[in-house]
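The values are calculated or read from the model by the stated rules, or taken from the named source; none is laboratory data. Computed from a predicted model, the values in this text were never measured in an experiment.
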């Protein structure tokens, strides 16, 4: 009887060790993620807006990549800080995005050393008052660099030409595990 109990205990031990080694061999999913809560500045260092962003690559279980919101500092309508704001509108107070895609990449560049980029695209809506918004397609890149004009940069592309803004005070965290689709 003791031999049977010892044999059963040995089989249970082998089964538990085998199951833990199988689970240890499984790959943990790769997570690329951008989280930012920072001031966006012009090239002179003047704060023009506050960015709140939190996005990852979309998946079948989480299709919306995340969020992107900008709260603008007051500005003169004749001289908007953001070149894509409509000039015939009252000042834009907030911009909120409906994100459709997000991607991540990294590599060496001539202009800023090694650059890691978190990109997102969708529709950006500019609000001047409640129930008053103008929306358009856009692409935004959030970049961290090893050298160059600033360690953290934001670039917006509402069309073919992009505009670069340094990130000011606040939190800018880009977690990069590998290129999207890699």
What number of residues in region 69-90 are at pLDDT 90 or above and either part of a loop (DSSP other than H, G, I, E, B) or over 14 Å from residue 127 (Cα atoms) (or both)? 2
Do the conditions hold for residue 148, that is, is it at pLDDT below 90, closer than 18 Å to residue 32 by Cα and assigned to a loop (DSSP other than H, G, I, E, B)? no
Considering each residue of region 91-119, count those that are in a strand (DSSP E or B) and at pLDDT 90 or above, and give that number. 17
